[in-house]
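Visitor: Sharing a structure below in structure tokens format, with a few things to ask.
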Amino acid sequence: MRLLVDRFRDENTLVFYKDKADQPPPNSQLEQDCFVLCIQTRFQLNAFQRLGAGFIGIDATHNVTAYPGFLLFTIVARDKWGHGE
């Protein structure tokens with residue numbers, strides 16, 4: 001996983017990665033043994049800044065994979081035309 005994260009960073013992709021063995025960031029209220037991976041490409045960042053910086057929606061879905069207890073988060077930015085695409 002760390003090799004993949006390093007590759008993302010080399011490609012100028014924004015990544016937040018916390019392994020289960022890593023200490024959580026101060027004041028994050030994350031559990032010690034949680035795994036977190038957040039990825040945002042430059043294209044996604046630019047699209048959000050140009051089209052949807054006024055609103056962002058977040059949805060969490062539980063047990064959608066073969067791994068019980070995992071959450072899948074979806075983030076949607078609304079565009080200027082109100083379609084959220």
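Readers should treat all values here as calculations from the given coordinates under stated rules, not as data from a laboratory. A quick note: this is a predicted structure, and the numbers were derived from the prediction, not measured.
Visitor: Let me know the volume per residue of the alpha-carbon convex hull for the range 1-55, in Å³.
Guide: Residue-normalised Cα hull volume stands at 97 Å³.
Visitor: Can you work out the Karplus-derived ³J(HN,Hα) for every residue in the range 5-10? Use 6.51 cos²θ - 1.76 cosθ + 1.60 with θ = phi - 60°, whole Hz, and x for glycine or proline.
Guide: For the range 5-10, the Karplus curve yields 4, 4, 5, 4, 5, 4 Hz.
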